[in-house]
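The values are calculated or read from the model by the stated rules, or taken from the named source; none is laboratory data. Quantities reported herein were computed from a predicted structural model and do not represent experimental measurements. Here the Cβ positions follow ideal geometry from the backbone for every residue, glycine too, while neighbour counts run over all protein chains shown. Side chains are part of the model used for accessible areas, which takes the heavy atoms of the whole protein and leaves out ligands, DNA and RNA. Shrake-Rupley method; radii C 1.70, N 1.55, O 1.52, S 1.80 Å.
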Amino acid sequence: MSRIPNAFKNGTAFIGFLTAGDPTTEKTVEYILAMEEAGCDLIEIGIPFSDPMAEGVVIQDANVRALKHSTTTDDVFEIVKEVRQKTDIPLVFLTYINPVFFYGYEEFFKKCSEYGIDGIISPDLPYEEKGEIADIAARNDVDVISLIAPTSKERIQKIAGDATGFIYVVSSLGVTGMRSEIKTDLNAIISDIRDVTDLPVAVGFGINTPEQASDISKISDGVIVGSAIVKIIEKYGEDATDELKKYVADMKNACLR
Amino acid sequence: MTNGRYGEYGGQYISETLMNELIYLEEQYNHFMNDPDFVDELNTLLKEYAGRPSLLYYAKRMTEDLGGAKIYLKREDLNHTGAHKINNVLGQVLLAKKMGKSRVIAETGAGQHGVATATAAALLDMECEVFMGEVDTKRQALNVYRMELLGAKVHSVKSGTKTLKDAVNDAFRDWIANVHTTNYVIGSTMGPHPFPQIVRDFQSVISAEARQQILEKEGKLPTAVVACVGGGSNAMGAFFNFIDDEEVELIGCEAGGKGVDTPYNAAALTNGQIGIFHGMKSIFNQGEYGQIAPVYSISAGLDYPGVGPEHAYLRDSGRAKYVPINDEEAVEAFEYLSKMEGIIPAIESAHAVAHAMKIAPEMDKNDIIIICLSGRGDKDVKSIADYRGVDLGE
């Protein structure tokens, strides 16, 4: 059974992202556990890719760091295995579709299920191409998390109607990265989604301050933060545990405000 | 309607943010291609501005020297801006303008597509920004300045391998942020649907003309059509109207670089595997675990780790074949055509010339080869001099 619903049982969920293997696979395990301890409700683990087209510079650089010492898909599964020995926190993969395709869909989702991955988010697999993995993922109890963008409009109905796990609302046009201001009318988008589904709705892209987290938590079920966390890892390298804990605790508190 | 698929290849593997825009682009494209005024306007631009139809030139000395098949050159190098790229760009920029966009962006490798886009943007009064890998801005510095002269802004892309694939990444990143004002004028038969189809359609003028011209000159179809393949736009254009003529052999020439048995090549159809990247399912050079591989070619325009989906399909179906041509062969062909016919070809096009030089002597005098001479080689003179160890004293 997917653990994803558990993430939304403790007020507005705080969802943190990091890139596997940045700075090392050992540290990724440690940082995931630290983030959980500080209040993270769900963790997105990025599988590093050579060409992360939907990412801004901060996460692009994390991919480069992880690939510099050849973090492989198998290494990422090992990270999951170690984390799973210590915690039941919901875990999802954030991955471009090619590494999954190359690994083999059957093999990949079988391992997800075996190692305890609850969902997959693929930024280059829109509704029209979901058929690539939908059945295999379902057979292995892995939720395929759907993204909804400010440009989705009438597409919301079919995307949300077909979704599993939770809905990932992309807050802004553009790539991932910290933004000082989010201008999209999120209320309207989220209300359209709620007309179609009871699944939790989480918002990501651009969020980095507790104020933003607090604002967004009032209209959504979850707040997703990637670049701000990766930036801390970039800055503190192998000594980021304390800073990560502090940041995650602040953000989770803001989500509950 | 192909639904954007060529067999198992193609598709729309792209951010949700762009999906409605791609659907809108397809609608608008279909609308305007059925609008006689749009078609007229485009045809007038192709004729009066780009200089179409391009010549189909009988390369007499080359034919006699090689002693086999009769060789014709489809002179896309004579188009305004010096390559086939203008065919596609005039169509796409005019479409963007009709769609009410104020800005176009493009990726470029050798700089030819960037120059063509900047040119069309100047002509049609659109804002233009071009993404070019830092490595390519250095080996094609003249084209960077050319784009700037034309009023475009050139972004030197410093991510990844700093070449064409990274320029494509950054162009998509820009488009995701500016989708309401901007059209991405993609330069090759690649990317998510409908781009491979749009670019192929606009480039198919090459084979529409060539087919008619060869029938007028020779009263029969060619034995083979040979073109270089990076993403594959000039080759798709050169092949398209011959696809139903089953007796015409279609041959694409990939960048073999320093050899297909070395890591230094860009021969996706020779060495690559099926994958999903840049919006399409196609064939890509990949490393372990599906990381996109760094590729190499002396030619910046062929230096791409994949190929358009329709080429992957034509290969699998056996309708076209693809061969690697290495740097040395391409440079020799570059020099050969210059001396033999007084035509300096683009180093990209020289890959096609090189293959014709291999097969022509084995063919009968009644056979005909059409080479798509996709661009002129002025831009390559310096890098060929470097390759040959000639100091130009710059």
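If we keep just the residues of the stretch A:98-118 that are open to solvent by less than 20 Å² (accessible area, probe 1.4 Å) and under 16 Å from A:Glu44 (Cβ atoms), which is nearest to the other protein chains (Cβ to nearest Cβ)?
Among residues in the stretch A:98-118 that are open to solvent by less than 20 Å² (accessible area, probe 1.4 Å) and under 16 Å from A:Glu44 (Cβ atoms), the one nearest to the other protein chains (Cβ to nearest Cβ) is A:Pro99.
May I ask you to list the residues in the stretch B:297-319 that are in contact (Cβ under 8 Å) with a residue 12 or more places away in the chain, assigned to a loop (DSSP other than H, G, I, E, B), more than 11 Å from chain A (Cβ to nearest Cβ) and out of contact with any Asp or Glu (no Cβ under 7 Å at 6 or more places or on another chain)?
Selection gives B:Asp303, B:Tyr304, B:Val307, B:Gly308, B:Ser317, B:Arg319.
Out of all the residues in the stretch A:1-23, which are among the polar types (S, T, N, Q), in contact with a helix residue (DSSP H, G or I) (Cβ under 9 Å, 6 or more places away or on another chain) and open to solvent by 30 Å² or more (accessible area, probe 1.4 Å)?
Listed by number, the list holds a single entry, A:Asn10.
Would you please list the contacts, defined by Cβ atoms under 9 Å and residues six or more apart or on different chains, that run from a residue in the stretch B:9-21 that is facing chain A (nearest Cβ under 7 Å) and on the phi > 0 side of the Ramachandran plot to a residue that is open to solvent by less than 10 Å² (accessible area, probe 1.4 Å) and of a type in the set (A, V, I, L, M, F, W, C)?
These pairs meet every condition: B:Gly11/B:Ile276; B:Gly11/B:Met280.
Residues in the stretch A:137-146: is at least one in a loop (DSSP other than H, G, I, E, B), charged (D, E, K, R) and more than 14 Å from chain B (Cβ to nearest Cβ)?
yes
Is the stretch A:133-148 home to any residue that is open to solvent by 60 Å² or more (accessible area, probe 1.4 Å) and closer than 29 Å to B:Arg173 by Cβ?
no
Residue check: is A:Ile59 facing chain B (nearest Cβ under 8 Å) and either surrounded by 23 or more Cβ atoms within 10 Å (Cβ to Cβ) or on the phi > 0 side of the Ramachandran plot (or both)?
no
Go through (1) under 22 Å from A:Val223 (Cα atoms); (2) open to solvent by 10 Å² or more (accessible area, probe 1.4 Å) for A:Lys81 and report which single condition fails.
(1)
Return a yes/no flag: does the stretch B:88-105 have any residue that is open to solvent by less than 10 Å² (accessible area, probe 1.4 Å), within 14 Å of chain A (Cβ to nearest Cβ) and touching an Asp or Glu at 6+ places or on another chain (Cβ under 7 Å).
The answer is yes, given that some residue of the stretch B:88-105 is open to solvent by less than 10 Å² (accessible area, probe 1.4 Å), within 14 Å of chain A (Cβ to nearest Cβ) and touching an Asp or Glu at 6+ places or on another chain (Cβ under 7 Å).
If you take the residues in the stretch A:208-236 that are in a helix (DSSP H, G or I) and charged (D, E, K, R), which one is nearest to A:Val57 (Cα to Cα)?
A:Lys231
Are any residues in the stretch B:277-294 part of a loop (DSSP other than H, G, I, E, B) and either more than 17 Å from the chain's Cα centre (by Cα) or modelled with pLDDT under 95 (or both), and if so, which ones?
B:Asn285, B:Gly287, B:Gln291, B:Ala293, B:Pro294
Looking at the stretch B:181-204, I want the residues that are touching a residue at least 60 places away in the same chain (Cβ under 8 Å) and have a partner that is basic (Lys, Arg) with Cβ atoms under 7 Å, at least 6 apart or on another chain. Which pairs are those?
B:Thr181/B:Lys101; B:Thr181/B:Arg103; B:Thr182/B:Lys101; B:Thr182/B:Arg103; B:Asn183/B:Lys101; B:Gly187/B:Lys85; B:Thr189/B:Arg200
Quick one: in the stretch B:8-47, which of the residues that are among the hydroxyl-bearing types (Ser, Thr, Tyr) and open to solvent by less than 30 Å² (accessible area, probe 1.4 Å) is nearest to B:Leu123 (Cα to Cα)?
B:Tyr29
Limited to the stretch B:241-276, what total is found for residues that are assigned to a loop (DSSP other than H, G, I, E, B) and either touching a helix residue (DSSP H, G or I) at 6+ places or on another chain (Cβ under 9 Å) or not hydroxyl-bearing (Ser, Thr, Tyr) (or both)?
Total meeting the criteria: 16.
I'm checking my understanding of the structure. Among residues of the stretch B:94-144 that are touching a strand residue (DSSP E or B) at 6+ places or on another chain (Cβ under 8 Å) and basic (Lys, Arg), which one is nearest to A:Asp51 (Cα to Cα)?
Checking each candidate, the answer is B:Arg103.
Report yes if A:Gly46 is more than 12 Å from chain B (Cβ to nearest Cβ), in contact with a helix residue (DSSP H, G or I) (Cβ under 9 Å, 6 or more places away or on another chain) and in contact (Cβ under 8 Å) with a residue 40 or more places away in the chain, otherwise no.
It is true that A:Gly46 is more than 12 Å from chain B (Cβ to nearest Cβ), in contact with a helix residue (DSSP H, G or I) (Cβ under 9 Å, 6 or more places away or on another chain) and in contact (Cβ under 8 Å) with a residue 40 or more places away in the chain.
Looking at (1) touching a Pro at 6+ places or on another chain (Cβ under 6 Å); (2) open to solvent by less than 20 Å² (accessible area, probe 1.4 Å), which is the one condition that is false for B:Pro305?
With respect to (1) touching a Pro at 6+ places or on another chain (Cβ under 6 Å); (2) open to solvent by less than 20 Å² (accessible area, probe 1.4 Å), B:Pro305 is out only on (1).
Quick one: count up the residues across the stretch A:154-180 that are within 14 Å of chain B (Cβ to nearest Cβ) and either out of contact with any Lys or Arg (no Cβ under 8 Å at 6 or more places or on another chain) or among the hydroxyl-bearing types (Ser, Thr, Tyr) (or both).
18
For A:Asp143, which of the numbered conditions (1) on the phi > 0 side of the Ramachandran plot; (2) within 15 Å of the chain's Cα centre (by Cα); (3) not hydroxyl-bearing (Ser, Thr, Tyr) fails to hold?
(1)
Could you identify the single residue in B:Leu73, B:Leu56, B:Leu42 that is closer than 19 Å to B:Ile206 by Cβ, out of contact with any Ser or Thr (no Cβ under 7 Å at 6 or more places or on another chain) and free of Cβ contacts under 8 Å to residues at least 60 places away in the same chain?
After ruling out the rest, the residue left standing is B:Leu42.
Of all the residues that make up the stretch B:359-385, how many are aliphatic (A, V, I, L, M), closer than 20 Å to B:Ala227 by Cβ and surrounded by fewer than 19 Cβ atoms within 10 Å (Cβ to Cβ)?
So the count comes out to 0.
When you scan the stretch A:226-245, how many residues do you find that are under 20 Å from A:Asp215 (Cα atoms) and charged (D, E, K, R)?
0
Anything in the stretch B:166-182 that is part of a helix (DSSP H, G or I), open to solvent by less than 10 Å² (accessible area, probe 1.4 Å) and either within 9 Å of chain A (Cβ to nearest Cβ) or not aromatic (Phe, Trp, Tyr) (or both)? List them, or say none.
Residues satisfying the conditions are B:Asp166, B:Ala167, B:Val168, B:Asn169, B:Ala171, B:Phe172, B:Ile176.
Looking at (1) within 16 Å of A:Phe14 (Cα to Cα); (2) open to solvent by 30 Å² or more (accessible area, probe 1.4 Å); (3) of a type in the set (S, T, N, Q), which is the one condition that is false for A:Ser191?
The one condition A:Ser191 does not meet is (1).
Evaluate the stretch B:326-336: report whether one residue or more is surrounded by fewer than 17 Cβ atoms within 10 Å (Cβ to Cβ) and closer than 23 Å to B:Asp261 by Cβ.
Scanning the stretch B:326-336, I find at least one residue that is surrounded by fewer than 17 Cβ atoms within 10 Å (Cβ to Cβ) and closer than 23 Å to B:Asp261 by Cβ, so the answer is yes.
Among the residues of the stretch B:269-292 satisfying the criterion of being of a type in the set (A, V, I, L, M) and either more than 9 Å from chain A (Cβ to nearest Cβ) or surrounded by fewer than 21 Cβ atoms within 10 Å (Cβ to Cβ) (or both), which is nearest to B:Thr189 (Cα to Cα)?
Result: B:Met280.
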